[in-house]
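J.: My questions all concern the structure below.
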Amino acid sequence: MSGSEARFLAYADALASVLGHADRAGPLRDYSTGLMLPLERKSIEPLAAATATERVSAQHQSLMHFVSSSPWSDEKLLGKVRELVLPAMERHGPIEAWIIDDTGFRKQGHHSVGVARQYLSEIGKQDNCQVAVSLSVANAWASLPVAFRLYLPKAWAYDQARRKAAHVAEEISFATKPQIALEQIRWAVEAGLPRAVVLMDPGYGHDAGLRAGISALGLTYVAGVLSNDMVFYPNAEIEPSRPAPRRGRHHREPDTISLKEVALSLPASAWCQIKWREGNNEPLSSRFARLSVYAAGWRAKGQIMRQEWLLIEWPEGEEAPTKYWLSTLPADVSFERLVELAKLRWRIERGYHDLKQELGLDHFEERSWRGFHHHATLCIAAYGFLISERETIPPSGYGPAGPRSKASLPAGYRPRGASDPARAAHPQFHRDTAPEARRRSRPQAAAMSMLLPDTPLMTQ
């Protein structure tokens, strides 16, 4: 076996040690292998066809039971992934950030657990979809999801019939996305994960309760916020213990101003051109300003206000500032470091791209709560192995991707829904079945796939 192949089998064996039963080791290895093969679709049926060409039906039943019904623990498996992958990440620098984010999965119909018409960030508008909230640890080298939970809209959370059909456990109750995120952060603190600054986009950073909860845990943050969020005038005399206005008031607090108004009032000398990292073709840089402010708006009873950094980005050529952040990083943090951390959120965007495009995170087709989370956990486990393998691959620059081979499927394979041989013979369903491809073992195929030069994870 090649080095990568042997390491993959050892990795799969280590993961299997927390599954509870020895008979789950084979499905774990096969499912993970299938996720890393270059298949067009990574739902259970094509995974079964690609990993057991001589017994597709039996393999389909095995993988279906393993993912949709088997009661192994997502938390334990993700914990083992952290144990195996974090050392590889930390060889390239300490964990710098905990990143809060969510990702959506477009769906047809209304029966998949948690599906509803809701905002989908990928398209910037509402659509029929599922949304999951995650917490990832990251440094400049990579990011790794450590907690992942489906958001259950109220229409699902309070509908006992739908909950029963999707096998949602009784202890799962309605929680907003910021509440889920804060619970994940509390868990990470209690689990002893390497502490780091919390990063979030405006969808989460706009929530003052979430920001306060993070501070109460002794963590700092760099939180994206909205241009119409309010702060007190920078030069105003502020009493940090002053109470917040009563809930329901619609007019401003005294002495407050919107972030956009602050940005437009700054002199030209306040803006600096700052580079935060090297891009594929040239350094990434933009124009920023920062100043110290008190955030206005909602505050918990008795909460003492503290000064925070307000970071503003206004790229050259734009008519108005484009991004805003509030941060509780120390007063002595450098301007460059503040920008660098604010921009480190790109890591989770890169990670979700790889999880979806390369590992089929959004390809799961079953409807249950357990199945959804098991599939996501296995995708994260496969992603963790790819992270640990990156350092074994020589640098290849940022050139264009090369041609990509496809994984072999049995000659007679026909997906459900292909009602006639002509449809089954279509290239979309009938894969290359060259003899040399059929002779490859599953681990060999996986090793070849994950070392392909055009995998974004490898070439970024």
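J.: What accessible surface, in Å², does a 1.4 Å probe find on residue 265, ignoring ligands, DNA and RNA and rounding to the nearest 10?
T.: Counting only protein heavy atoms, the figure is 80 Å².
J.: Compute the Kirkwood hydrodynamic radius of the range 1-121, taking the inverse of the mean of 1/r over all pairs of distinct Cα atoms, and give it in Å to one decimal.
T.: 17.0
J.: Still on this structure: Over the range 12-133, what is the relative contact order in whole percent, taking alpha-carbon pairs under 8 Å and six or more residues apart?
T.: Numbers: 112 pairs, mean separation 21.5, N = 122.
In percent, rounded to a whole number, it is 18.
J.: Please list, ordered by chain and number, the residues whose modelled amide H lies under 5 Å from the amide H of residue 256; skip anything fewer than 5 residues away on the same chain.
T.: Excluding prolines and chain starts, which carry no amide H, the hits are 233.
J.: Which value, in Å² and to the nearest 10, is the accessible area of residue 111 when all protein chains are kept and the probe is 1.4 Å?
T.: 120
J.: While we're on this one: Which sequence of 60, 110 reflects their accessible areas, 1.4 Å probe, from the largest down?
T.: Sorted by accessible area, descending: 110, 60.
J.: Leaving ligands and nucleic acids out of the surface, order 101, 207 by accessible area at 1.4 Å, largest first.
T.: On the way: 101 10, 207 55 Å².
Final ranking, largest accessible area leading: 207, 101.
J.: Rounded to two decimals, what is the ratio between the C-alpha radius of gyration of the range 109-155 and 2.2 N^0.38 Å?
T.: Working: Rg = 13.3 Å, N = 47, 2.2 N^0.38 = 9.5 Å.
My calculation over the Cα atoms of the range 109-155 gives 1.40.
J.: Place the peptides 49-55, 331-337 in order of packing, highest mean first, counting for every residue the other Cβ atoms within 10 Å and averaging per peptide. Mind dumping the intermediate values first?
T.: Details: 49-55: 18.9, 331-337: 11.1.
In decreasing order of mean packing, 49-55, 331-337 become 49-55, 331-337.
J.: List the relative contact order of the range 27-75 as a percent without decimals, with contacts defined as Cα pairs under 8 Å and 6+ residues apart. Before the final figure, lay out the partial values.
T.: On the way: 30 pairs, mean separation 16.7, N = 49.
Across the range 27-75, relative contact order equals 34 percent.
J.: Which aspartates and glutamates, on any chain, are close to residue 343 with Cα under 13 Å apart, when same-chain ones fewer than 8 places away are left out?
T.: 96, 201, 278, 313
J.: While we're here: Suppose all protein chains stay in the model; what accessible area per residue would a 1.4 Å probe give for the range 33-151, in Å²? Walk me through the numbers on the way to the answer.
T.: Numbers: 4470 Å² over 119 residues.
That works out to 38 Å² per residue.
J.: Hey, another quick one. From Cα pairs below 8 angstrom and at least 6 apart in sequence, can you work out the relative contact order of the range 164-273, rounded to a whole percent?
T.: On the way: 84 pairs, mean separation 22.7, N = 110.
Dividing the mean separation by the residue count of the range 164-273 yields 21 percent.
J.: Which of the lysines could a cross-linker span from residue 260 if the Cα-Cα distance has to be under 18 Å and same-chain partners fewer than 8 positions apart are dropped?
T.: Cα-Cα hits under 18 Å: 323.
J.: Sort 276-287, 355-366, 152-163 for me by packing, meaning the mean count of neighbouring Cβ atoms within 10 Å per residue, highest on top. Provide the component values of the computation, followed by the final result.
T.: Working: 276-287: 12.7, 355-366: 20.3, 152-163: 15.2.
Result, highest mean Cβ count within 10 Å first: 355-366, 152-163, 276-287.
J.: Within the range 89-238, what whole-number % of the accessible surface is contributed by carbon and sulfur, with the 1.4 Å probe and all protein chains included in the calculation?
T.: Working: 3250 of 6630 Å².
Taking all protein chains in place, the range 89-238 shows 49 percent carbon and sulfur surface.
J.: Across all directions of projection, what mean area in square nanometres is found for the Cα convex hull of the range 343-387?
T.: Quarter of the Cα hull surface area: 3.3 nm².
J.: Sequence neighbours fewer than 8 away in the same chain don't count; with that in mind, list the lysines whose C-alpha is under 28 Å from residue 76.
T.: 42, 164, 177, 356
J.: Let me ask you something else. Please report the projected area of the range 17-71's Cα convex hull averaged over all directions, in nm². All intermediate terms of the calculation are to be shown ahead of the outcome.
T.: Numbers: hull surface 14.8 nm².
Over every viewing direction, the Cα hull of the range 17-71 projects on average to 3.7 nm².
J.: For the range 161-312, report the accessible area per residue in Å² (1.4 Å probe, heavy atoms, rounded to an integer).
T.: Details: 8370 Å² over 152 residues.
On a per-residue basis, the range 161-312 sits at 55 Å².
The values are calculated or read from the model by the stated rules, or taken from the named source; none is laboratory data. Not measured: the values here are computed from a predicted model. Quick reminder, even Gly has a Cβ in these numbers, built from the backbone with ideal geometry, and neighbours come from all protein chains shown. Accessible surface areas use protein heavy atoms only, side chains included; no ligands, DNA or RNA. Shrake-Rupley method; radii C 1.70, N 1.55, O 1.52, S 1.80 Å.
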